[in-house]
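A.B. asks: Sharing a structure, written as structure tokens. Questions coming.
Coordinate-derived values only; no laboratory data. Since this is a predicted model, take the numbers as computed values, not measurements. Counting neighbours? That spans all protein chains shown, and the Cβs are built from the backbone with ideal geometry, glycine included.
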Amino acid sequence: MGRSRYRERQWMYGGAGGWFRGRLMKPLIRVCIPVSADGYIADRDSSLAWKAAIDPDTLRCYSFEDGIGAVVMGRTAYGQSAAQSVWPHSAVPCYVLAHRDDVEAPPSGVHVWTDGVTSLAHHLKATITEGDIWVEGGSKVITSFLEEDLIDRFELRVVPVLLGGGIPLLSGINTPTWLALEGVEPLDDGVVAICYRRRAQA
Ligand SMILES: NC(=O)c1ccc[n+]([C@@H]2O[C@H](COP(=O)([O-])OP(=O)(O)OC[C@H]3O[C@@H](n4cnc5c(N)ncnc54)[C@H](OP(=O)(O)O)[C@@H]3O)[C@@H](O)[C@H]2O)c1
């Protein structure tokens with residue numbers, strides 16, 4: 001097991017609650033996303049080509065065997081994933097947030113959710129019995145979850161590149177959200193993995 005995988009397991013199983021958390025408590029809602037050093041998740045062309053310089057294993061947030069029970073993404077991010085020759089999330093259910101249920105012929109296991117993030121979070125916490133919930137992106141979906149205070153873990157893979165513009169990690173939040181540092185680890189190619197958890201508000 002590589003260093004980063006080991007560390008993920010530490011974060012996943014070694015924190016408060018330990019290994020049994022995954023069995024006894026509700027799943028966590030976890031953002032995990034590669035981000036440029038200046039805070040962008042896609043470049044000015046909405047492209048992820050800048051990530052190609054990095055070994056995909058270094059940027060890979062989770063393997064599903066390691067404890068992800070569902071994936072959540074926005075309609076735009078879904079469109080990019082669905083355009084790949086192989087649907088990458090066939091191992092677990094995927095929920096696509098949208099305002100209209102007009103996504104064309106989603107693959108098996110893909111559910112279009114038009115009832116907003118709060119009801120989706122309740123649904124997932126009630127129905128996902130194995131593993132956590134991975135909010136893959138993009139920016140609008142992460143922001144929606146954050147605005148409703150629904151994110152338990154915020155995990156970044158900071159890539160050492162300045163894009164100078166593009167799609168930011170967040171598309172504007174109204175109030176500062178304080179986080180508590182859970183772990184930091186330098187990975188290959190100058191990537192830094194940072195894991196935060198939600199900090200209880202004073
Ligand atoms: N760095 C990475 O690894 C990574 C990972 C994922 C995505 N990305 C990038 O992120 C970009 C996409 O981000 P984005 O912010 O433009 O789009 P997004 O969050 O993927 O999707 C936005 C769309 O999702 C729907 N949506 C979002 N929040 C919603 C809510 N609360 N309720 C109902 N529907 C909601 C809306 O669809 P409708 O209103 O159209 O129905 C909205 O227009 C892409 O360029 C992608 O490459 C990067």
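A.B. asks: Could you look through segment 42-78, keep only residues that are polar (S, T, N, Q) and touching a residue at least 60 places away in the same chain (Cβ under 8 Å), and pick out the one that is surrounded by the fewest Cβ atoms within 10 Å (Cβ to Cβ)? Full working, then the answer.
C.D. replies: Pass one, segment 42-78, residues polar (S, T, N, Q): 46-47, 58, 63, 76.
Next, only the ones that are touching a residue at least 60 places away in the same chain (Cβ under 8 Å) stay: 46, 58, 76.
Details: Ser46: 13, Thr58: 19, Thr76: 19.
Among those residues, the one meeting the criterion is Ser46.
A.B. asks: Going residue by residue through segment 42-63, is there one that turns out to be assigned to a loop (DSSP other than H, G, I, E, B) and touching a Leu at 6+ places or on another chain (Cβ under 7 Å)?
C.D. replies: Initial filter on segment 42-63 (assigned to a loop (DSSP other than H, G, I, E, B)): 43-48, 54-55, 60-63.
Subsequent filtering for residues that are touching a Leu at 6+ places or on another chain (Cβ under 7 Å) retains 43.
Yes; the residues of segment 42-63 include at least one that is assigned to a loop (DSSP other than H, G, I, E, B) and touching a Leu at 6+ places or on another chain (Cβ under 7 Å).
A.B. asks: Could I ask something else about it? When you scan segment 101-202 for strands (runs of 3 or more DSSP E) that lie fully inside it, which ones turn up with 3 or more residues that are within 13 Å of the ligand (Cβ to nearest atom) and within 19 Å of Cys61 (Cβ to Cβ)? Working first, answer last.
C.D. replies: Working: elements: 110-113, 132-137, 153-159, 179-186, 192-198.
The qualifying strands (runs of 3 or more DSSP E) are 132-137, 153-159.
A.B. asks: Looking at segment 29-41 only, could you name the residues that are among the charged types (D, E, K, R) and surrounded by 21 or more Cβ atoms within 10 Å (Cβ to Cβ)? Break it down stepwise before answering.
C.D. replies: Keep residues of segment 29-41 that are among the charged types (D, E, K, R), which gives 30, 38.
Arg30, the sole residue that qualifies.
Results for (1) in contact (Cβ under 8 Å) with a residue 60 or more places away in the chain; (2) farther than 19 Å from Lys140 by Cβ, shown as yes or no for each residue.
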position: Glu104; (1), (2): no, yes
position: Val117; (1), (2): no, no
position: Lys125; (1), (2): yes, yes
position: Thr129; (1), (2): yes, yes
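A.B. asks: Considering segment 68-100 alone, what residues qualify as being more than 11 Å from the ligand (Cβ to nearest atom) and over 15 Å from the mean Cα position of the chain (by Cα)?
C.D. replies: If the condition is that a residue be more than 11 Å from the ligand (Cβ to nearest atom) and over 15 Å from the mean Cα position of the chain (by Cα), then Ala82, Gln84, Ser85, Val86, Trp87, Ser90, Ala91 are the ones that fit.
A.B. asks: Just to be sure I understand the filter: pairs with C-beta atoms under 8 Å, separated by 6 or more residues or on different chains, first member in segment 30-41 and small (Gly, Ala, Ser), second member more than 9 Å from the ligand (Cβ to nearest atom) and in a strand (DSSP E or B). Which pairs pass?
C.D. replies: That search, which allows pairs on different chains as well, returns Ser36/Val158; Ala37/Val158.
A.B. asks: Still on this model: Given the options Leu156, Leu150, name the one that is in contact (Cβ under 8 Å) with a residue 40 or more places away in the chain, touching a helix residue (DSSP H, G or I) at 6+ places or on another chain (Cβ under 9 Å) and surrounded by 12 or more Cβ atoms within 10 Å (Cβ to Cβ). Write out each step before concluding.
C.D. replies: Working: Leu156 fails: touching a helix residue (DSSP H, G or I) at 6+ places or on another chain (Cβ under 9 Å).
Exactly one of Leu156, Leu150 is in contact (Cβ under 8 Å) with a residue 40 or more places away in the chain, touching a helix residue (DSSP H, G or I) at 6+ places or on another chain (Cβ under 9 Å) and surrounded by 12 or more Cβ atoms within 10 Å (Cβ to Cβ), namely Leu150.
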